[in-house]
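The values are calculated or read from the model by the stated rules, or taken from the named source; none is laboratory data. Remember, predicted model here, so these are calculated numbers, not experimental data. Because the Cβ atoms are built from the backbone with ideal geometry, glycine has one as well, and the counts that use them run over all protein chains shown. In case anyone asks, the SASA skips ligands and DNA or RNA and just uses the protein heavy atoms, side chains included. Shrake-Rupley method; radii C 1.70, N 1.55, O 1.52, S 1.80 Å.
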Amino acid sequence: MKRRMFLLVVIFIISAISGLMSLWLTEDSYSIASRLFTYYSHKDYYKGKGPAPNQYRYLPYLLVEKVFKHIPINWRNDSHRLLVRWLGRSDNKAEIEETRRNYDAFIPMQERAEIAENIKDYMKKAIANYLTNPIFTMVLSGFIEKLDFEKWIEDPAAFFSSIIDQLPEDFKAVFEEDSEISRIVNAYATFRFTFTFLSLVLLYIWLKKFLKDSEVIACIFIFGFFYLYSMRYFTQSEAPLALSFFLSILLLVYERRSWITIALLVAVGSFARSDHMLFATFIYALYNFGWSLKDFFSKQTLKSVILISIPVSVTYLLVKFIFPNAHYYSKVWHIRENFSDPWMWIGFALFAAIPLFFADTIRRVDFFKRTYLWLIPFFVMNLCLARIAEVRLFLPAFVYLLPIVGMGMRFLFEQN
């Protein structure tokens, strides 16, 4: 019981850290700009008006809009809170006083007065030199006076806040914790935390099929380390959701559970990432194929063909009928880009190093010996159609091979 409690604590900690880091690296990577981009792109994707291929991964946007937006969790981001405070948008009296002390320490009142005079003189000279229309000159001069530089001298935070008050509502809403923009931003962090937690629970169950408890813990820590690294390119939020589907199917295939259940998961998961669901069906086909002439015409082969056709059919429906107006925002083929820049391979090399070190362990386990061939087309597809630097794309292969890593470490240290 204590072991399971410890594992749940570890899983929760990794999920929480992942949720926070994903917020820092995604919605807050460029602070105000990133939050506005997240909000407006989410609205487009939810309405079916976004660009491909993200638009075809519709399920995350639906879940964020219908479920996670209504969960009242405000994820703390110190850099954004600091920006809110320095721009005078905080209502907390202690923070307001702290901001005043910060400004007085770094930019004393005398320096602020000099800065204000220099800016006013520069703007007036620029208007006089570049504008000949007296109406424009009068309007801009009035705008300069309206900026109220006396407030800048007395209270810089209040000065910035007064400028923000004159901006559009959506821009002001970035600084409000209860605004629609903030709800969407926090919803994505909650979404990633939830499905990271679920993925780690499923990963624990998957690893337990092959490893001892101590080996499972070691592998979960290894996964957590690389999972955080994969967030360098986490602007597409479907990764933890798709990983949850992939691991669920992987477990059902290994345990030879109901074909109908697997088919349903593949169908729903195809609205998150149809390519990952396609390769999950390859694993099913390889594990259940007998490689004899008789097996080619068996009921099991028919099931495999139907299963493989599900993600292909869903993709066709998404492209041709559901979102026919979605156009790719980047080029489809990336093979030349992948081979032209050696730095594109650094992340992949870090991801692949440990599994490749123990690759010979595959032949010791029947399941992996029968199914590992799916990794070849999976790698080729990502090499041709994706940027290989985006290592989150290889998470399905990584979790598939983690038991091999655990067993490989066991054999290695037992030999020594």
Under the 7 Å Cα-to-Cβ spin-label approximation, Met344 and Glu180 lie apart by a distance in nanometres of 3.9
Between the residues Ile153, Cys384, Pro168, the Cα farthest towards the positive end of the dipole of the chain, that dipole coming from +1 and -1 charges on the beta-carbon of Lys, Arg, Asp and Glu, is from Cys384
To the nearest 10 degrees, the tilt of helix 299-317 (Cα long axis) against the first principal axis of the alpha carbons of the chain is 20
Between the Cα axis of helix 109-130 and the main Cα principal axis of the chain, the angle (0 to 90°, nearest 10) is 90
Between Glu98 and Ile335, the two model label points (7 Å from Cα along the beta-carbon direction) sit apart by a distance in nm of 5.5
Toy charge model, Lys and Arg Cβ at +1, Asp and Glu Cβ at -1: region 241-371 dipole around Cα centroid in debye, rounded to 20, equals 380
Heads up, region 280-360 by the C-alpha gyration tensor (a ≥ b ≥ c square roots of eigenvalues; a/c under 1.5 rounded, else a/b over b/c prolate, else oblate) looks oblate
Asserting the computed 222 nm helical MRE of the chain (DSSP H runs at least 4 long, -39500 (n - 2.57) per run, divided by residue count, to nearest 500) equals -23000 deg cm²/dmol
If every Lys and Arg gets +1 and every Asp and Glu gets -1 at its Cβ, then about the Cα centre the chain yields a dipole, in debye to the nearest 20, of 2300
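Please find the FRET efficiency linking Ile306 to Arg370, where r is the Cβ-Cβ separation and R0 is fixed at 25 Å, and quote it to the nearest 0.05.
Efficiency at R0 = 25 Å is approximately 0.80.
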Given (i) 53, 29, 17; (ii) 41, 35, 20; (iii) 51, 25, 19 as possible values of semi-axes √(5λ) of the Cα gyration tensor in Å, the one from the coordinates is (iii)
Here, region 21-103 modelled as identical Cα point scatterers in vacuum has Debye log10 I(q)/I(0) at q = 0.11, 0.21 Å⁻¹ of -0.42, -1.04
The lysines whose Cα lies under 23 Å from the Cα of Lys303, excluding any fewer than 8 residues away in the same chain, are Lys294, Lys369
Once the dipole of the chain is set up from charges on Cβ (+1 Lys and Arg, -1 Asp and Glu), the residue from the list Met123, Leu350, Ser179 lying farthest towards its positive end is Leu350
For region 178-294, inverting the pair-averaged 1/r of distinct alpha-carbon atoms gives a Kirkwood value in Å of 15.9
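State which stretch of the chain is the longest one without any exposed GluC sites (Glu not before Pro), exposure meaning a DSSP loop state and at most 15 other Cβ atoms within 10 Å.
Value returned for the longest uninterrupted segment is 1-175.
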Ranked by GNM mean-square fluctuation in the chain (Cα springs under 10 Å), the top entry among Gly88, Gly19, Gly224 is Gly88
For the pair Arg3 and Ala359, the simple spin-label estimate (label points 7 Å beyond Cα toward Cβ) gives in nm 3.2
If the chain between Ile13 and Ile119 were fully extended at 0.36 nm per residue, the gain over the current Cα-Cα distance would be 33.3 nm
Per residue, accessible area of the chain with a 1.4 Å probe, heavy atoms of protein chains only, in Å², comes to 53
Any chymotrypsin sites (Phe, Trp or Tyr not before Pro) in region 283-355 that lie in a DSSP loop and have at most 11 other Cβ atoms within 10 Å would be Trp291, Phe297, Tyr329, Trp333
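Only Lys, Arg, Asp and Glu count, each charged at its Cβ (+1, +1, -1, -1), so figure out the dipole size of region 299-395 about its Cα centre, rounded to 20 debye.
Dipole magnitude for region 299-395 comes out near 400 debye.
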